[in-house]
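Here is the structure we will look at, set down as structure tokens.
The values are calculated or read from the model by the stated rules, or taken from the named source; none is laboratory data. No experiment lies behind these values; they were computed from the predicted model shown. Here the Cβ is made from the backbone with ideal geometry for all residues, glycine too, and neighbour counts use every protein chain on show. Calculation scope for accessible area: heavy atoms of the full protein, side chains included, ligands and nucleic acids excluded. Shrake-Rupley method; radii C 1.70, N 1.55, O 1.52, S 1.80 Å.
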Amino acid sequence: PYDVVLEVGVLQTPYMRKDFEYASQRLGENGYYICSVVSSESLIMRLKGVENPEAACRPYNEYEIIMQEYFTIVDQKPYGLFIPHLWKLPVLARILQPGFETVLRPFLSRDLFHEQLYVLKKRAREA
């Protein structure tokens, strides 16, 4: 068993329950799972239009229902706010993106952010 499982930038399958179960099985008692998920409600999904986003991702509240079957949510942070044309200048974007997100995060719904990072703690087994 592992103390920590890290899975960032890869969870966006229709088989989320199996992914969470698999991670939970690999963790020791009091283990942590750090993962990110993509929202079907994010600004980029809304503006760009993605074919059948429900097949690949869900709104954050739906992920959390499944997560809580296996884990306790310790912390979460949305990131990846889509800002049109910003990344045409990557050198500048690397500096500006975190600033925009820090300033705008308190005023915007987390669902508008493309991804959300979660720190999850494995639930103790019921006797």
Counting only protein heavy atoms and leaving out ligands, DNA and RNA, the solvent-accessible surface of LYS121 at a 1.4 Å probe, in Å² to the nearest 10, equals 60
Taking only Cα atoms of the range 75-127, the Rg to Rh ratio with Kirkwood Rh works out at 1.19
Using a 1.4 Å probe on heavy atoms of the protein chains only, the accessible area for HIS85 in Å², nearest 10, reads 130
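If you take every DSSP beta bridge fully contained in the chain, what fraction is antiparallel? Give it as a percent rounded to 5.
Once the DSSP bridges in the chain are tallied, antiparallel ones form about 70 percent.
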Out of LEU43, LEU117, LEU104, a Gaussian network model of the chain with alpha-carbon springs under 10 Å gives the largest mean-square fluctuation to LEU104
Once amide hydrogens are built 1.01 Å from N within the peptide plane, the residues lying 5 or more places from TYR33 or on another chain with amide H under 5 Å from its amide H are VAL5, LEU120, LYS121, LYS122
By accessible area (1.4 Å), largest first, THR102, THR72 order as THR102, THR72
GNM on the chain, Cα springs under 10 Å; top mean-square fluctuation among PRO84, PRO98, PRO59 goes to PRO84
In deg cm²/dmol, rounded to the nearest 500, the helical mean residue ellipticity at 222 nm of the chain, built from -39500 (n - 2.57) for every DSSP H run of length 4 or more, is -10000 deg cm²/dmol
Across LEU89, LEU47, LEU81, the residue with the highest GNM fluctuation in the chain (Cα network, 10 Å cutoff) is LEU89
In degrees, nearest 10, the alpha-carbon axis of helix 16-26 is tilted away from the dominant principal axis of the alpha carbons of the chain by 50
Under the 7 Å Cα-to-Cβ spin-label approximation, GLN76 and GLU7 lie apart by a distance in nanometres of 1.7
So the angle from the long Cα axis of helix 60-70 to the longest Cα principal axis of the chain, reported in degrees to the nearest 10, equals 20
Ignoring ligands and nucleic acids, VAL103 exposes an accessible area, probe 1.4 Å, in Å² to the nearest 10, of 90
Spelling it out for SER42: with amide H atoms placed in the peptide plane at 1.01 Å from N, the residues 5 or more places away or on another chain with amide H under 5 Å from its amide H are none
Restricted to pairs 8 or more residues apart or on different chains, the lysines in the chain with C-alpha atoms under 26 Å apart form a number of pairs equal to 8
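Dipole magnitude of the chain about its Cα centre, charges +1 at Lys/Arg Cβ and -1 at Asp/Glu Cβ only, in debye to the nearest 20?
300
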Reduced to Cα centres, the span from the range 21-45 to the range 79-123 in Å works out to 18
In degrees rounded to 10, the 0-90 angle between helix 90-104 Cα long axis and the longest Cα principal axis of the chain is 70
Residue separation between SER109 and GLU29 times 0.36 nm, minus their alpha-carbon distance, gives in nm 25.4 nm
